[in-house]
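In what follows, a single structure is set out as C-alpha cells and then discussed.
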Amino acid sequence: MPLVNTKEMFLDAYNNHYAVGAFNVDSIAMIQAVLQAAENCSSPVIISLSKGSREFMHPGNIKEQILTVSKDITIPFAIHLDHGKSIELCKDCIDEGFTSVMIDASKYDFEENIRITKEVVDYAHERNVSVEGELSILTGEEDYPRLIEEFVKRTNVDSLAISIGTGHGTTKFKKGEIPKLKFHILEELERRLPSYPFVLHGSSSILKKDIDIFNEYGGDIKDPIGIPEDLLRKASHGPICKINIGTDFRVAYVGALRKSLSLIKDKYEPRNFLVPAKQAAQELVEYKLKNVFNSAYKIK
C-alpha cells in the first residue's frame, strides 16, 4: 500500500475507538520491526523520526530507504517527523517525502506558536502532507481547552499534542505519586472539537520485563515509572488518535541487543546480534497494537 498522510488514518481511529501507534526509530532494522509488526496485526502505523534520527539515517533519501524495505507491506503507514523545532526542518522533511510532520513551537508564546504552526500547515497542505502541532498548558488548566480550540481553528492543524499527564523519558512521575491522566480535559476537548484527533507524547509504560533484561546485561535504568496501560487504553477509546512510543521500543531493542552481545561469544557478524534485537522490538510493537492501542485487525 502506498504511503499515506495521517488525516484519513486518524478519522478511522476516532470513529472506531482506537489509537495509531507512532514508534520512534533510529535504523532500518527498527523500521522493519515496526512495519512487520503492523503487517502481522493488520494495523495502521506511523514510523516516527526525530531530528537526530533523521540526520543519522541520511537526510534526503529516507523515504526511498523505507520504500525499499516496505515493498511487501500492505497496511497503510506514514513517515512522520517528530518534534520538528523549526519551520525549515519541517519544510525539508516535507520536500523529502515525509507524509506527516510535527511542528513543535510550544516553547513560544501563544500567538507566535500560532504563526509558526500556520506557516507549516499552509506549506504542508499544498503538498498533501498532514501536520501535528503542540500546545502546552500556558496558564491555568481551566483555560487550556478554550486555548486549544482557538489554536486548532486559527492554525487548521490536523492533530494536536496535548498535556494531560504524560512525559518523556523513563521516569514520568515522582516516587510514590499515583500515575493519572487528566481525562476531564479530554472530555471537554471532545465537546468543543468533536471528531478532532489529539496526540499523546511520552506514553511508554516502561515494561518491567524489558527493563529487567536491559539492566541484567549491563544497563543501569533506575526507578523507572511509566504510564499505566489501562490509562492508555481508556485514552485510545476517546479522542486520542495517536500515541507515541519511544522509550519502550528502544529499551526492548537495546536490551535484546545487550543480551545477545553478552551471550553469543563465538560470532562476529552483526546480524547475529541485530536479529534478536529486531525481534524483540517487533514483539513490543505487536503487543502495543493488540493490547494497548486497540488498533490490531482494523485493516480489512
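Coordinate-derived values only; no laboratory data. In this text, all values refer to a predicted model and were calculated from it rather than measured experimentally. Cβ placement follows ideal geometry from the backbone for every residue including glycine, while neighbour counts extend to all protein chains displayed.
Values computed for the structure shown
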| read-out | value |
| --- | --- |
| Set of the stretch 237-269 residues, backbone N closer than 14 Å to the point 7 Å along the Cα-Cβ line of Phe183 | 237-240 |
| Cβ-placed point charges (K, R +1; D, E -1), dipole of the chain about Cα centre in debye, nearest 20 | 780 |
| Inter-site label distance for His125 and Asn61 at 7 Å from Cα along Cβ, in nm | 3.5 |
| Within the stretch 152-196, backbone nitrogen closer than 18 Å to the virtual label 7 Å beyond the Cα of Asp143 toward Cβ | 152-154, 163-164, 185, 189 |
| Under-5 Å amide H pairs with Ile225, H placed in peptide plane, nonlocal only | Thr171, Lys172, Phe173 |
| Cα long-axis angle, helix 7-16 against the chain (0 to 90 degrees, to the nearest 10) | 90 |
| Sorted largest first, extent of the stretch 1-85 alpha carbons per principal axis (Å) | 36, 32, 17 |
| Ordering of 163-174, 191-202 by burial proxy (mean other Cβ atoms within 10 Å per residue, highest first) | 191-202, 163-174 |
| Mean separation of Cα contacts under 8 Å (6+ apart) over length of the chain, as relative contact order % | 24 |
| For peptides 245-251, 271-277, 23-29, 220-226, sequence by mean Cβ density within 10 Å, most packed first | 245-251, 23-29, 271-277, 220-226 |
| Spread of Cα-to-Cα distances over 10 Å intervals beginning at zero, given as percent, for the stretch 139-193 | 19, 47, 27, 7, 0 |
| Among 107-114, 85-92, the order from most to least packed when residues are scored by Cβ within 10 Å on average | 85-92, 107-114 |
| Degrees separating the helix 247-263 axis from the principal Cα axis of the chain, which is the longest one | 10 |
| Acute angle (nearest 10 degrees) that the helix 144-155 long axis makes with the longest principal axis of the chain, alpha-carbon atoms | 90 |
| The chain: proportion of alpha-carbon pairs further apart than 26 angstrom, % | 43 |
| Listed residues Cys241, Asn294, Ala124: farthest to the positive end of the dipole of the chain (Cβ charges) | Asn294 |
| log₁₀ of I(q)/I(0) at q = 0.15, 0.18 Å⁻¹ - the stretch 107-230, Debye sum with one point per alpha carbon | -0.79, -0.98 |
